[in-house]
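Notes for the one structure printed next.
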Amino acid sequence: MSKKILIADDHDIVLTGTSLILESKIKDIIIDTAENYIEVLEKVTSQPYDLIILDINMPESKNKKMISEIKEIRAETKILIFSVHDESVALQYIQEGADGYLNKLSKVEEIAEAVKKMLEEGYYYPLKITQYLLKNSGKPLPANPLEKLSEREYQILTLMAKGEGSLEISNILDIRMPTISTYKKRIYKKLGTSNIADLIKICESYSGDKM
């Protein structure tokens, strides 16, 4: 019997690219897509899915609350968090009931392998998360301020922490300079600071990426 997968993401290139990867690597799957969280809830309510590949920063997102809401509708549906946020954020979603985590920057083979494992075994955890879960079973996870950021804000923050200026960030992400300035103001406000030194400390403390 075919497995039904819902890919939920607001970026067309992610929806199309991920769909093509999975269709080329996994047999007997039916893929559906959703571009915002409201659409996710509508589709999950109307039909069952074996797996939801969930971006945590879609329009109308409720962050961690999405997990419990989806599970309340379809308790049997597995949820794979698909995000550029690092493992420290993913762990908090797993604690809420998500069944796995995969970084959007993963290679094609890892994406296919993660989805296969989700469909066959019901979970997928990268090595870092598995090690943390083994060491900290039953312990509450510390709050991560980076969770407040959208994926785009997180991308800009990591570039700022690496010493990139607004012009370089604009060129790297292909975003207009005034938009970069707006994003920076949001980042400073969400993280409760007004200087780059504090931003770098927060990034180094809570991000799994090497600066």
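Are any residues in the stretch 50-67 part of a loop (DSSP other than H, G, I, E, B) and farther than 18 Å from Lys3 by Cα, and if so, which ones? Asp55, Ile56, Asn57, Met58, Pro59, Glu60, Ser61, Lys62, Asn63, Lys64 - these are the residues of the stretch 50-67 that are part of a loop (DSSP other than H, G, I, E, B) and farther than 18 Å from Lys3 by Cα. Give the stretch 68-113 a look and list any residue that's farther than 26 Å from Ile202 by Cα and assigned to a helix (DSSP H, G or I), or say none. Answer for the stretch 68-113, where residues must be farther than 26 Å from Ile202 by Cα and assigned to a helix (DSSP H, G or I): Ser68, Glu69, Ile70, Lys71, Glu72, Ile73, Val108, Glu109, Glu110, Ile111, Ala112, Glu113.
Do we have any residue at all in the stretch 175-183 that's open to solvent by 40 Å² or more (accessible area, probe 1.4 Å), modelled with pLDDT of 85 or more and not in a helix (DSSP H, G or I)? Yes - at least one qualifying residue is present in the stretch 175-183. Among the numbered conditions (1) within 19 Å of the chain's Cα centre (by Cα); (2) in contact (Cβ under 8 Å) with a residue 24 or more places away in the chain, the only one that Ile38 does not meet is (2).
For the stretch 1-41, a residue qualifies if it is part of a strand (DSSP E or B) and crowded, with 16+ Cβ neighbours inside 10 Å, and the qualifying residues are Lys3, Lys4, Ile5, Leu6, Ile7, Ala8, Ile29, Ile31, Thr33, Ala34. The number of residues in the stretch 155-211 being in contact (Cβ under 8 Å) with a residue 40 or more places away in the chain, farther than 24 Å from Asn103 by Cα and of a type in the set (Lys, Arg) comes to 0. Just one of the listed residues (Ile81, Ile94) is within 30 Å of Ser46 (Cβ to Cβ) and modelled with pLDDT of 90 or more, namely Ile81. Under the condition of being farther than 23 Å from Pro48 by Cα and open to solvent by 10 Å² or more (accessible area, probe 1.4 Å), the residues counted in the stretch 75-91 number 4. Does Thr158 satisfy the condition of being under 30 Å from Lys128 (Cα atoms), of a type in the set (Ser, Thr, Tyr), open to solvent by less than 30 Å² (accessible area, probe 1.4 Å) and in a helix (DSSP H, G or I)? Yes: the conditions hold for Thr158.
The values are calculated or read from the model by the stated rules, or taken from the named source; none is laboratory data. Everything numeric in this text was worked out from a predicted model, so none of it was measured. All Cβ positions, glycine included, derive from the backbone under ideal geometry; neighbour counts span all protein chains shown. Side chains included, ligands, DNA and RNA excluded: accessible areas come from the protein's heavy atoms. Shrake-Rupley method; radii C 1.70, N 1.55, O 1.52, S 1.80 Å.
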